[in-house]
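Laboratory data are not the source of any read-out in this text; all were calculated from the coordinates shown. Since the structure is predicted, the reported quantities are computational estimates derived from the model, not experimental observations. Here Cβ is always computed from backbone atoms with ideal geometry, including for glycine, and neighbour counts include all displayed protein chains.
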Amino acid sequence: MTSITPMPTNTSQLDFQALAHQVMQRCEELSRLSQSPDYLDRRYLSEEHTAANQLVSNWMQQAGMQTWQDAAGNIWGRYQSTNPQAKTLLMGSHLDTVPNGGKYDGMLGVIAPISLIGALHEAGITLPFHLDVVGFGDEEGTRFGSTLLGSRALTGQWPAEWATLPDKDDITLAQAMANFGLDFQKIPNATLQPETLLGYLEVHIEQGPVLEQADLPVGVVSAIAGAKRFQIHLSGMAGHAGTVPMSLRQDSLCAASEMILAIERLAKQHDVVATVGRVENSPNGVNVIAGTTQFSLDIRSADDQTRDTALADILQDLHHIAEARNITLTMEQTHSASAVQCEPALQKLLTESIEKSGYQPLTLLSGAGHDAMAIADICPIAMLFVRCDKGISHHPAEAIQQDDVATALAVLEQTLLTYQES
Ligand SMILES: [Zn+2]
């Protein structure tokens, strides 16, 4: 495949390599704040969360930003516009990690804008809008089971019943907040007023292999996929592996196998992603015909309509297979989230900025959820993905290249300097 690479026309005076080096070092430093001695694990409202907020807040202040912590424990920094009446562009991502997670998932999207702002500040470059950077306390949902707690606090969507959500040690969310120096009752104070916001721009590692396959450092996200999840139960008849003739069997595992392959085939046909990631089989004996089998189904697409059409086709097939095999099929839906579209104008701006930096702009879907999903309820969103090594994430092997961070910073600077309030 041949493609014409645009000539770089970015004339910035900033030293993006030096800035990228600082970003890499800061990701490294932040990764040492872990509640486990063996691997990176930093959860919401932990002592390490406090330490991370402190460290990030120091970097924000060094970058010439005003800092504060909000009612949900998110850490904020503002690069003030010369116009005090100006609206605000938000940037940010999350500072929590999964247990045994990587150094860049979330953190890159907080640290990269801070380093860039530090350089703008030093060069005396001001912006016509306030630029706020937020480090969310919880995105992964590892501690309390519910995800996007930090970003959902900004949108005013914390139900009262969350107060009693327990962690694994039976500490409730309300208690953990009190221990952290916060008050569950005051969470509405974290809510933002949409009329003050221009938009939200999140930088994040791709967590997938698309950019690496395309040999590109960055890409523009078109949408964050909406997912539906189901648990499917198949009930047949267990029996002796030696005595029941093949024609008389109601083998639930054979039915599941046929169904899983049908799901794969139909997902390809409809251009969606569908995954059966967990199978439980009973009695699960070497000489016993399977009597009951359960499996999970996760189906995602950038377009809810496409996903639901594919899902209807898949379910119809599953019912046919069950019927033909004399198996009882029941199912329950365990999760449903709508797809979120990134704003076309912001996507276009990112695309042009990538071209000016001398790279082919690639637009891709985010199959994973991000803070931007929650923020989409209050303002337009956009995301810039950065290539990650072999697409590995949520794993200590998560890795990015300093050169790619330098490109992302150049694209961001270009985007911020050409951003016009619409
Ligand atoms: Zn993340």
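Structure remark: mean-square fluctuation, Gaussian network model of the chain, C-alpha springs under 10 Å; the largest value among Val56, Val272, Val411 belongs to Val272.
Using just its DSSP H runs of length 4 or more, each adding -39500 (n - 2.57), the chain gives a mean residue ellipticity at 222 nm of -10500 deg cm²/dmol after division by all residues. Relative to one another, the C-alpha centroids of the range 252-328 and the range 186-238 are positioned 24 Å apart.
Mean sequence separation of contacting Cα pairs (under 8 Å, at least six apart), scaled by the length of the range 241-364, corresponds to a relative contact order of 24 percent.
Explain nothing, just the number: relative contact order of the chain, from Cα pairs under 8 Å at least 6 residues apart, as a whole percent.
Values: 913 pairs, mean separation 96.1, N = 422.
Once normalised by length, the contact order is 23 percent.
Within 13 Å, Cβ to Cβ, of Ala123, how many net charges do the neighbouring residues add up to if Lys/Arg are +1 and Asp/Glu are -1? Charge balance in the 13 Å sphere: -3. Rounded to the nearest 20, the size of the Cβ-charge dipole of the range 226-337 about its Cα centre is 240 debye, with Lys and Arg at +1 and Asp and Glu at -1.
For the chain, dividing the convex hull volume of the Cα atoms by the residue count gives 162 Å³ per residue. Gaussian network model of the chain, Cα springs within a sub-10 Å range: biggest mean-square fluctuation belongs to which of Glu29, Glu139, Glu280? Comparing Glu29, Glu139, Glu280 in the GNM, the peak value goes to Glu280.
Considering only Ser235, Ser393, Ser31, the mean-square fluctuation computed in a Gaussian network model of the chain, springs between alpha carbons under 10 angstrom, is largest for Ser235.
Go ahead and run the numbers for FRET between Ala123 and Leu261, Cβ-Cβ distance against an R0 of 60 Å, rounding to 0.05.
Details: r = 58 Å, r/R0 = 0.96.
With R0 = 60 Å, the Cβ-Cβ based efficiency is 0.55.
Remark: the range 226-337 projects, on average over all directions, an area of 6.6 nm² (convex hull of Cα atoms). Comparing Cα centroids, the range 78-92 and the range 118-180 end up 20 angstrom apart.
Of all aspartates and glutamates in the structure, the ones whose alpha carbon falls short of 18 Å from that of Lys268, not counting any fewer than 8 places away in one chain, are Glu258, Asp298, Asp303, Asp304, Asp308, Asp313, Asp317.
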